[in-house]
Amino acid sequence: MAINQVQMQPGLSMREFMARYGTQAQCEQALVAARWPEGFVCPSCRCRHATTFERHGRTHWQCQRCHHQATATSNTVFASTKLPLTVWFLAMHLMTQAKNNVSALELRRQLGVSYKAAWRIKQKLMQVMAEHESGRCLSGRVEIDDAYLGGERSGGKRGRGAADKVPFVLAVSTTDDRKPHHVVVRAMPFTSAAVADWANTSLAADTVGLSDGLPAFRALRAEIAEHIVHVTGAGKAAVANPQFKWVNVMLGNLKNAITGTYHAFKFAKYAHRYLADFQYRFNHRYDLRRMLGQLIQHASRSKRWPESRLRAAEFRG
Ligand SMILES: [Zn+2]
């Protein structure tokens, strides 16, 4: 699909969303269907035989073999939430249908919850996206570039900017007719070891990678079929090189999405999730109407994220 067709496609309207997911029962049913499409499977022993009972208005399953009790949300990202599922579903709708990233401040306003609650919902849903995208592997022709994010707004203290700057690598695979296909964005230091490790998981062996002359990218040679270096110089000359057309477009979009939406936040600490959010939404852009259903499915099978883990930094530049 051409990029303008992607931009013009109709998303899921708020009316359609409310008709499908407007009540707690509808949301719970959607989670059950997404988590156990062929009927309940015990999360503890994989047994399929269970009895059900209702408690606090929610369905509980009890495994007939090991007596483990589960609900549609137990041991997922929704576990131990005090908020109704309708709030979570509306957050998923807003985060998948918006053209740009939705800030926690905007979520607070739209969901009618505290800022803290909105922040937690957003971080948890971004974590779901990060988990899903962690297995993304590009192949074929791939444009690769390195850049920095953040550091511009760090509370006005001079000299602190550099500490908050996050180095990251963006790679975009292109189709035979040179349209962007999938993207991978990873916060990482620009070292040979980090590049090799990244290429190992994110680039298939048949990849033909194109990059500039960053020394760390030399590590690509051992990991992929071919590594072509174009020394472009900096500034306008680099941006004009047609070999790097899509990686430059994507870098521009990413910077706009992030600096346009977020202000002073601890970017360095949570950068991996903001980058994963961008990556997830780009890689699922082909079908805007299905994007919510896909996120519901990924969330229904996600891991539990206690607050302490949510606040732990995954990567320090
Ligand atoms: Zn069991």
| If we only count helices (runs of 4 or more DSSP H) wholly inside the range 223-317, which ones have 3 or more residues that are within 18 Å of the chain's Cα centre (by Cα), surrounded by 14 or more Cβ atoms within 10 Å (Cβ to Cβ) and at pLDDT 80 or above? | 245-261, 267-283, 288-300
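For every residue, the table says whether it meets (1) in contact (Cβ under 8 Å) with a residue 60 or more places away in the chain; (2) touching a Gly at 6+ places or on another chain (Cβ under 7 Å); (3) surrounded by 14 or more Cβ atoms within 10 Å (Cβ to Cβ).
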position: GLN24; (1), (2), (3): yes, no, yes
position: GLN29; (1), (2), (3): no, no, yes
position: GLY39; (1), (2), (3): no, no, no
position: PHE53; (1), (2), (3): no, no, no
position: HIS56; (1), (2), (3): no, no, no
position: THR59; (1), (2), (3): no, no, yes
position: GLN62; (1), (2), (3): no, no, yes
position: CYS66; (1), (2), (3): no, no, no
position: ALA72; (1), (2), (3): yes, no, yes
| How many residues does the range 74-131 contain that are farther than 27 Å from PRO10 by Cα and of a type in the set (Lys, Arg)? | 3
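Take residues that are modelled with pLDDT of 95 or more and tell me which of the helices (runs of 4 or more DSSP H) falling wholly in the range 1-81 contain 3 or more.
Numbers: elements: 3-8, 14-21, 24-35.
Filter on the range 1-81 gives 14-21, 24-35.
With respect to MET18, is the statement that it is in contact (Cβ under 8 Å) with a residue 12 or more places away in the chain, away from the ligand (no atom under 16 Å from the Cβ) and among the aliphatic types (A, V, I, L, M) true?
Values: in contact (Cβ under 8 Å) with a residue 12 or more places away in the chain: no; away from the ligand (no atom under 16 Å from the Cβ): yes; among the aliphatic types (A, V, I, L, M): yes.
No.
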| message | I'd like the full set of residues that are away from the ligand (no atom under 14 Å from the Cβ) and at positive phi, limited to the range 40-92. | response | HIS56, GLY57, SER80
| remark: Here the residues within the range 118-145 that are in a loop (DSSP other than H, G, I, E, B) and of a type in the set (A, V, I, L, M, F, W, C) are CYS137
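The values are calculated or read from the model by the stated rules, or taken from the named source; none is laboratory data. As the structure is a prediction and not an experimental result, all values here were calculated from the model. All Cβ positions, glycine included, derive from the backbone under ideal geometry; neighbour counts span all protein chains shown.
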